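The values are calculated or read from the model by the stated rules, or taken from the named source; none is laboratory data. The structure presented is a predicted model; accordingly, all values stated were derived computationally and were not measured. Because the Cβ atoms are built from the backbone with ideal geometry, glycine has one as well, and the counts that use them run over all protein chains shown.
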Amino acid sequence: MLTEKQVFEIRILYREGLSKLAIARRLGIAPNTVNKYLNKEWCQMAKRGSKLDPFKDYIEKRLQEYPELTATVLFKELVERGYTGKLTILRMYVSSIRPKGKPEIVVRFETEPGRQFQVDWGTGTTVIAGEKTTVKFFIMVLSYSRMLYAEIVPDEKLETLIQAHLHAFEYFGGYPSEGLYDNMKTVVKKLQKQKEYNARFMDFANFYGFKVITHRPYNPKAKGKVERLVPYVRENILYGQSYSSLTELKNVLRDWLAIANQRLHSELKETPLERFEREKNHLNELSKLYPIRRLNTRLVRNKGQIVYKERAYHVGKKYVGERVNLQVEGSLLKIYSNDELITVHPLKDQVEKRSLREYQALVGDAV
């Protein structure tokens, strides 16, 4: 005799388009058992009166407005409204009122602990302070454990990408030996027979010693582990939700990561957190932080000055013709030659703001 949860799982998988044999293999039961619980008597189970009945109008209304809303998100909303039933019943009902679709055939490639992480950008819309807003986010997943990190980002620039990597490495307490990417411009400069990689991103990768791998163009499934998590984050954090501010959204995402990493993986039959316990000792130790100033460079002009936000700062004539690195800390601008500090200037005081003619003359001093 199967449990109620197992029966609902059979019905849901069948509704999603899996064959009876495929369901039997996935759940570890006999095909005849699957057939038994798909007969007419059991088909009526979802239609009987249940604790879900008072909430069906709400569910249907939400799905009309947001057709891709997941049962997990709806379950959280219903519990807040007094629902005391089980998630499996809700999943069965949601599955029964969605259009039947064909299942996606997925071939999974597993990697050993500590070997690989995968990275991607995601975009979604949500309501912030009453306004419909487009939100960008960054995702990194550890390929072995499926341990997930995500954060809201302002853009997809190189500095943002590297900062997000650093935050993810800190979250995991280390990093694997290789990273898998698509052909984002911040990683791949030119798509040719021999790819040309972004030199500044490779400086970051070489700083930590991890190998950069990119899949061939138009083949996003090559990094399917992170690709599948993009809609997972979007559906649980953005889709159909509303927030009072961007800060609230960021806080909710941070807290939700703890829940997401304790979800039971349908194929692995473990939670990411459980697998991470076996993976964390295989990660490279995060013993140093990449100096972001390496990304912000300026050429020292003939007068021994650099230009930053239309203002001139003195560096020294000995550095003429060299590229120096800039780092802003509070109200100070720090200027480095490689990683050696040259000088520090206040950002506002003691700096002459030049006229357009003077500024053009200064820029014209380029060597």
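Only residues that are more than 23 Å from Leu268 (Cβ to Cβ) and at pLDDT 65 or above were counted in region 31-56, giving 15.
Residues that are within 15 Å of the chain's Cα centre (by Cα) and outside any loop (DSSP other than H, G, I, E, B) within region 153-168 comprise Val153, Thr160, Leu161, Ile162, Gln163, Ala164, His165, Leu166, His167, Ala168, listed in sequence order.
Across region 324-349, which residue is farthest from Glu159 (Cα to Cα) among those that are outside any strand (DSSP E or B) and among the acidic types (Asp, Glu)? Before you say what the answer is, go through the steps one by one.
Narrowing region 324-349 to residues outside any strand (DSSP E or B): 330-331, 338-339, 347-349.
The next check asks that each one be among the acidic types (Asp, Glu); those that pass are 339, 349.
On the way: Asp339: 17, Asp349: 27 Å.
The selected residue is Asp349.
Tell me which residues, restricted to region 264-323, are of a type in the set (Val, Ile, Thr) and assigned to a loop (DSSP other than H, G, I, E, B). Thr271, Val300, Val315, Val320 - these are the residues of region 264-323 that are of a type in the set (Val, Ile, Thr) and assigned to a loop (DSSP other than H, G, I, E, B).
Pairs meeting the criteria (first residue in region 238-249 and closer than 21 Å to Pro67 by Cβ, second residue of a type in the set (D, E, K, R) and in a loop (DSSP other than H, G, I, E, B), beta carbons under 9 Å, at least 6 apart or on different chains) are Tyr239/Glu68; Gly240/Glu68.
Applying the selection to region 172-202, what residues are in contact (Cβ under 8 Å) with a residue 60 or more places away in the chain and under 27 Å from Glu279 (Cβ atoms)? Step through it out loud before you land on a result.
Going residue by residue through region 172-202, those that are in contact (Cβ under 8 Å) with a residue 60 or more places away in the chain are 172-182, 184, 200.
Correct list: Phe172, Gly173, Gly174, Tyr175, Pro176, Ser177, Glu178, Gly179, Leu180, Tyr181, Asp182, Met184.
Among the residues of region 285-323, just one is free of Cβ contacts under 8 Å to residues at least 60 places away in the same chain, buried (at least 18 other Cβ atoms within 10 Å of the Cβ) and under 30 Å from Ser177 (Cα atoms), namely Arg293.
Does Ala150 qualify as being modelled with pLDDT of 95 or more, in the same structural domain as Glu274 (by TED's automatic domain parsing) and not polar (S, T, N, Q)? Judged against the criteria, Ala150 is a match.
Could you look through region 169-194, keep only residues that are β-branched (Val, Ile, Thr) and under 17 Å from the mean Cα position of the chain (by Cα), and pick out the one that is nearest to Lys211 (Cα to Cα)? Once the filter is applied, the top-ranked residue is Val187.
Out of the residues in region 64-83 meeting the condition of being aliphatic (A, V, I, L, M) and touching a helix residue (DSSP H, G or I) at 6+ places or on another chain (Cβ under 7 Å), tell me which one is farthest from Tyr239 (Cα to Cα).
Here is the first cut: in region 64-83, the residues aliphatic (A, V, I, L, M) are 69, 71, 73-74, 78-79.
Then keep just the ones that are touching a helix residue (DSSP H, G or I) at 6+ places or on another chain (Cβ under 7 Å); that gives 69, 71, 73-74, 78.
Values: Leu69: 7, Ala71: 13, Val73: 9, Leu74: 11, Leu78: 16 Å.
So, considering only residues that are aliphatic (A, V, I, L, M) and touching a helix residue (DSSP H, G or I) at 6+ places or on another chain (Cβ under 7 Å), the one farthest from Tyr239 (Cα to Cα) is Leu78.
Of all the residues in region 217-242, those that are at pLDDT below 80 and buried (at least 20 other Cβ atoms within 10 Å of the Cβ) number 2. Scanning region 255-269 for residues that are of a type in the set (D, E, K, R) and without any contact (Cβ under 8 Å) to a residue 12 or more places away in the chain returns Asp255, Arg263, Lys269.
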